[in-house]
Structures are given as structure tokens and as C-alpha cells.
1. Would you check which residues across segment A:66-82 are surrounded by fewer than 17 Cβ atoms within 10 Å (Cβ to Cβ) and within 15 Å of DNA strand C (Cβ to nearest atom) and list them?
2. Condition first: in contact (Cβ under 8 Å) with a residue 12 or more places away in the chain and within 20 Å of residue A:13 (Cβ to Cβ). Can you find one or more residues in segment A:109-123 that meet it?
3. Does residue A:86 meet the test of being at the interface with another protein chain (Cβ under 10 Å from one of its Cβ atoms), surrounded by fewer than 18 Cβ atoms within 10 Å (Cβ to Cβ) and more than 25 Å from residue B:122 (Cβ to Cβ)?
4. Could you go through segment A:62-69 and let me know if any residue there is without any contact (Cβ under 8 Å) to a residue 12 or more places away in the chain, more than 14 Å from chain B (Cβ to nearest Cβ), within 16 Å of DNA strand D (Cβ to nearest atom) and not in a helix (DSSP H, G or I).
5. Given the conditions (1) buried (at least 20 other Cβ atoms within 10 Å of the Cβ); (2) within 30 Å of residue B:105 (Cα to Cα), report the number of the one that residue A:100 does not fulfil.
6. Which number in (1) at pLDDT 95 or above; (2) under 30 Å from residue B:57 (Cα atoms); (3) facing chain A (nearest Cβ under 9 Å) marks the one condition that residue B:72 misses?
7. In segment A:48-64, what count of residues is obtained for those that are closer than 13 Å to residue A:12 by Cα and out of contact with any helix residue (DSSP H, G or I) (no Cβ under 6 Å at 6 or more places or on another chain)?
8. Among the listed residues B:80, B:10, B:3, B:21, identify the single one that is in a helix (DSSP H, G or I), closer than 30 Å to residue B:122 by Cα, at pLDDT 95 or above and away from DNA strand D (no atom under 15 Å from the Cβ).
DNA sequence: ACAGTACATGTCAAAATCAACATGTCAAAC
DNA sequence: GTTTGACATGTTGATTTTGACATGTACTGT
């Protein structure tokens, strides 16, 4: 039940509406956990019923702002500190990378190129985020995560470049 | 429907029984895609019904060996080359890393330590795998993936060490 | 006034996944 | 000979996740 704790965690960062949570899932959390609004709204209702979150305000367009309660905070801490992590993952890109060697050279090269383009894109987005980050606003709560993302994507980029090189050699080298 | 393609991919590598696939999911694929036997056996049945795989042999203990068919191979290639990748992930460890800064210092330090222990463990397992890998057996189909795993876990280790250092400073430094 | 778009919340049926139940085979150790 | 454990395949009910359907609100530009 990670969705529950993801929602609690985001509400610990700041009180939010379901709509805002949906966007955060889509923007910041997409590389760790994803959820659609059709999952988030029911989950908020369940969390409220369980007393882990509460509605702290009503805004425009029927929006409800939720905040975490002390009970919810305790549950979040318990999960982070005491619950044993589930290390398994679901990562389609990883699966593709694992299977790509099965392709013939030209196809393999093409898919690595496509992945490389995506990684470069991610990398520049993260670097822009890093440079534009107000050092006062998110005091270091956020910066290290961005840094980690940059490093992992850097490793991925280098690795992909090596694979592309390698896939090109047998045909392209020494005319 | 990544499970389907994961199974096709594994059968492209070599014909296998459901039991063998289950083990491969658990051992090699656990960082990309996981599946239990209760999902794998029905999926094999569906794939067989669809003509993407076929039974090529019966072994001891009622075991059935499946192999990919030409149709299945075509579908696998189509998925790898033409289908647009789903970049979203489900990764509880990533989620925890994202939320850990919310904890107070002592808890934060402790969870980073726990993660570090796990990463070190992964790292030594991968390095052993690298050294023990027959260069002739899995000719390079497998080696680059192991190398990537080593590099990513290395980045993770360094990052965690930095975070632990940082979390220790305000209290532990200059007596 | 009207159109388009972003905001905002919900529900529902289908599909995917998981944990538990269920059954049986074969080899090695004792 | 029998117990233990790895091998091997299945099913079932509950939970999680998805994609589509559904509805309404507020602002912005024309």
C-alpha cells in the first residue's frame, strides 16, 4: 500500500488538493510512483475516513484542501522508519533495456538512440531545475534528490553511448 | 501489458518452463519487472492460445517447456522497436528516498544507513556476478546490463554516503 | 456572448497483480 | 521406508491500477 504513504508524504510536505497531488505525482513522482486522479480521490476519502488526513479548507471550484493529521504523521514515520522496504520494481524502460540485446544490430542501435534522446532530455530538465532552484525555498529537502536524478541519468547516458558505439563498430569501423 | 513482453523476451533468450521463468523473474528481472508464478502460468496459457508461444517439450514432474514462435518473435520486436515506451515506474525504494528528507535527523540517518547496507550488498553481488561470468556463455548480451547495475548502485552508494555525512554534521561536528 | 482551456472532483468496469490455497513429483538424506 | 526439500503447475478471491465516462467551474481571449 505505497499509494497511501505517497499521499501522506506529499501532504506532510504541504497541504494540497487532490488535483495538486495528481500533478505532483505526474511531475515529481513519476520516476518513483505514479497514480491517476481516479486512484487519488478515493484514496483521500479512505485516508480521511481513517483519520490520517483531514479537510482544512474549501477553495474555488469545489476544491478541498487536505492536510495530514498527527495520526497520519505517525503512520508515515512508522512506514518510513520501521516497515521493511519492498525492493521490487516495475520499470518498463528497464525491461526494454534488458531485452534490447536480443534485437539485431540496426534495431538495437535505433532503440538505444531513442533512449539516449530521452535521457538527454531528462538531464537538461533536471539541470535547469537545479539552477533555478531557490536555495531558501526548498532548503535541501529537494536539492539532493535532483542531484541524484542528474547523476543516475548521467550514468545512463554514458552507458547508452557506449552501447551505441559498440553496436556501430562491426559494420561502421575501418572502411 | 509488459508482462507479456517480458515473458516473450525471456523465451527468445532460451526455451523455458514456467518454473524457470519464475526464477528468472525473481533473480535477474527483479529490478525491472517482477511477477509471481500465479501470474506467469496463466500468461503462458494465454500466449499459447494466441499462438505467440508453443510447447516444445515435456520434462520431468509434468513440466512443459515453452518456446517463442515466429509470430511471438515479431510481436516482441514490434514492441521493442515500434511501441512507444511507458517511462513511468513503480519503485517503493525511490518513493522512500523521495520522502526521507521529511524525517527528523536521527531517523533520516538511520534509514539512509539501512539503504546503504542494501546497496552495498547489491553491489558486491553484481561484482561477483561480473567476475564469475563466463565470457563465452552470455557473450555480451548480459555483461553490459551487469555493468550498468554496478554503476547505478555506485552512484547510489556515493549519494547515500553524502547524505549520511550531511545528516551527521550539525550535531557530530566540532566538539 | 462564446469558445476554448485549465481547473477540479468524482465513479465504474476491466485488467493486472498478489497472497493464499491446492496438488502432485522426484531425489537425497537419514 | 520415510521424511524433507526442491521441483513444478495450477486456481481463486481480494486488492490495486487503469482508462473511460461523467460533470461542473472559472478564466482568458475574441
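1. Matches in segment A:66-82: A:67 only.
2. No, segment A:109-123 contains no residue that is in contact (Cβ under 8 Å) with a residue 12 or more places away in the chain and within 20 Å of residue A:13 (Cβ to Cβ).
3. Considered against the rule, which asks whether it is at the interface with another protein chain (Cβ under 10 Å from one of its Cβ atoms), surrounded by fewer than 18 Cβ atoms within 10 Å (Cβ to Cβ) and more than 25 Å from residue B:122 (Cβ to Cβ), residue A:86 comes out as no.
4. yes
5. The failed condition is (2).
6. (3)
7. As a first pass, look at segment A:48-64 and keep what is closer than 13 Å to residue A:12 by Cα: A:52-54.
Next, only the ones that are out of contact with any helix residue (DSSP H, G or I) (no Cβ under 6 Å at 6 or more places or on another chain) stay: A:54.
Summing the residues that are closer than 13 Å to residue A:12 by Cα and out of contact with any helix residue (DSSP H, G or I) (no Cβ under 6 Å at 6 or more places or on another chain) in segment A:48-64 gives 1.
8. Working: B:10 fails: away from DNA strand D (no atom under 15 Å from the Cβ); B:3 fails: away from DNA strand D (no atom under 15 Å from the Cβ); B:21 fails: away from DNA strand D (no atom under 15 Å from the Cβ).
Result of the check over B:80, B:10, B:3, B:21: B:80.
The values are calculated or read from the model by the stated rules, or taken from the named source; none is laboratory data. Values in this document were obtained by computation on a predicted structure and should not be read as measured data. Note: ideal-geometry Cβ built from the backbone for every residue, glycine included; neighbour counts use all protein chains shown.
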